[in-house]
Amino acid sequence: MTVDELRAKAAERRQTCSQIKKMIVSRLDLEVDPDWITDDQPLFGRGLELDSLDVLELYVAIEAEFGVALYDSEMAVFGSISRLADEVDPHLRAGA
Amino acid sequence: MTLTHPEGTVYGQMGDATVPLRFTDLSAEYQVLRDRAVALDLSGHTLIEIGGPGAVDFAQRVLARDVEYLTSERCMMSLVLDDDGRVVDQVLAFGREDGLLLESSVGAGARLLEHLRAVADEDVEIVDRSADLTVIGLEGPYAWGVVGRLIDGELASLPFEAVSDTVWNDVEIVFARTGFTGEYGYQMIVPIESAADLWNATLEHVTPSGQEALELAMLEVRQPIPRLETTGDVTVIEIGANWLVDVTKDEFVGKEAVLAAFESRQGRRTVGFSGGDTVPEPGARVLAGGEDVGEVVFAVRSVGLGTTLGLARVEAGLAAAGLELTVEGADVTTLTSPYIVPKSWSIPII
């Protein structure tokens, strides 16, 4: 790939990540600017410090926003914003 | 060196501390950390007491996260920044009845102490406690079981970043649920004179792991490693450690600089990568489509992935997972964090 094609691919992921961040901030009523959250930021425990109740809220929000049901997924899908992006938009994954 | 280590332990100098890099073999120690539980000699972390009538106000000013209501039953990880927004250190702050206790990152105690004293107010007492206190850690998916056998099973299920003042073998210790690797993690702050006894008692239940295995596991979950990631003239935003800074807080040292860096949208960003047979040195160039777009921050051989794993700092438009880049002629792929999913995420404490 050329560097411009790589930039375009990166922009695609950033757009999905940005959508996820805005959704989390809005649904969970967080005070933080969505752009302040990094793509690698952990969501639970350290990082955004969400808890299990927040997960339930996120399941519903993700299905409403992206049409993807994650109810039976392992906690790993919430490992970071970028990991969640892979789940809601699988074609972002390397090699996809 | 407070604790006794087995013959053959390999040591290394990290900042102002000499620390055990590995006791036997990196691969074996890493595997035990990820599969069961290990003991960690964290004596390279300096403990600094912030006391005096102005302690909380001072801590609130020098820590980048909000510690105003940090009770003696809580601890919190935070960055400490200078006026230019550069990272002085990443600390674990423990709320105490009469102030706070700060735990430096490995080998950064002297630098942190110097900074704190330089910006301290008159009504604040800053005391280096490294001559009388040290830290022992436990980390791994079954570390909670060790806590039960060693001290008290009730402590194992403390919430993340909860702290309990407790007694082990008639010795008062500060026990905390923490963690650097995504696995269940605990820390015990113990008086120096009892540290060897607690360390030896811990080793009746688990084997020790050195700094190399610990840092590899930290990298895998994108837990910042200050000594490797904050070198050079980099901002918090470039490091990607935003979550260790609370910009909604009214004031703290470095806030204006951090906000300026954030709002400028300039600079590079950090992304993980894997691939290649050799481990590139920090500063090795990163290419995208043949163009130089950044450099390697640091890299290691990942036991879990079986390949090279590292961090690269590249132009912001390319700091995303799933891209094929080149480092020193080797094809690498940028990654989604965490790079290894900790086993603890699927194992409940029972």
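The values are calculated or read from the model by the stated rules, or taken from the named source; none is laboratory data. Worth saying up front: this structure is predicted, and the values here are computed from it rather than measured. Ideal geometry is used to build each Cβ from the backbone, glycine not excepted, and the neighbour counts take in all protein chains shown. These area figures cover heavy atoms from the full protein model, side chains too; ligands, DNA and RNA do not enter into them. Shrake-Rupley method; radii C 1.70, N 1.55, O 1.52, S 1.80 Å.
Residues that are charged (D, E, K, R), more than 17 Å from B:W243 (Cβ to Cβ) and assigned to a loop (DSSP other than H, G, I, E, B) within the stretch B:59-91 comprise B:E68, B:E73, B:D82, B:D83, B:D84, B:R86, listed in sequence order.
So that you can scan it fast, the table gives a plain yes or no per residue for (1) within 10 Å of chain A (Cβ to nearest Cβ); (2) out of contact with any Gly (no Cβ under 6 Å at 6 or more places or on another chain):
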| position | (1), (2) |
| --- | --- |
| B:A201 | no, yes |
| B:T207 | no, yes |
| B:L214 | no, yes |
| B:T230 | no, yes |
| B:E238 | no, no |
| B:L244 | yes, yes |
| B:K249 | no, yes |
| B:G254 | no, no |
| B:V286 | no, no |
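Among the strands (runs of 3 or more DSSP E) confined to the stretch B:269-350, the ones with at least 2 residues that are open to solvent by 50 Å² or more (accessible area, probe 1.4 Å) are located at B:285-288, B:291-302. Criterion applied to A:V88, A:V25, A:V77 was being touching a helix residue (DSSP H, G or I) at 6+ places or on another chain (Cβ under 8 Å) and under 23 Å from B:M76 (Cβ atoms), and the one residue passing it is A:V25. Of the conditions (1) free of Cβ contacts under 8 Å to residues at least 24 places away in the same chain; (2) over 30 Å from A:Q41 (Cα atoms); (3) open to solvent by 40 Å² or more (accessible area, probe 1.4 Å); (4) of a type outside the set (A, V, I, L, M, F, W, C), B:P159 clears all except one; give me its number. Of the numbered conditions (1) free of Cβ contacts under 8 Å to residues at least 24 places away in the same chain; (2) over 30 Å from A:Q41 (Cα atoms); (3) open to solvent by 40 Å² or more (accessible area, probe 1.4 Å); (4) of a type outside the set (A, V, I, L, M, F, W, C), the odd one out for B:P159 is (2). Every residue in the stretch B:201-221 that is more than 29 Å from B:V171 (Cβ to Cβ) and either in a loop (DSSP other than H, G, I, E, B) or open to solvent by 20 Å² or more (accessible area, probe 1.4 Å) (or both), please. Within the stretch B:201-221, B:E212, B:V221 meet the criteria.
The residues in the stretch B:164-185 that are touching a helix residue (DSSP H, G or I) at 6+ places or on another chain (Cβ under 6 Å) and either within 11 Å of another protein chain (Cβ to nearest Cβ) or part of a loop (DSSP other than H, G, I, E, B) (or both) can be counted, and the count is 4. Taken over the stretch B:13-44, the criterion of being under 30 Å from B:E114 (Cα atoms), assigned to a loop (DSSP other than H, G, I, E, B) and open to solvent by 20 Å² or more (accessible area, probe 1.4 Å) is satisfied by B:G15, B:D16, B:S43. Considering only residues in the stretch A:60-96 that are part of a loop (DSSP other than H, G, I, E, B) and within 11 Å of another protein chain (Cβ to nearest Cβ), the one that is most open to solvent (accessible area, probe 1.4 Å) turns out to be A:E74.
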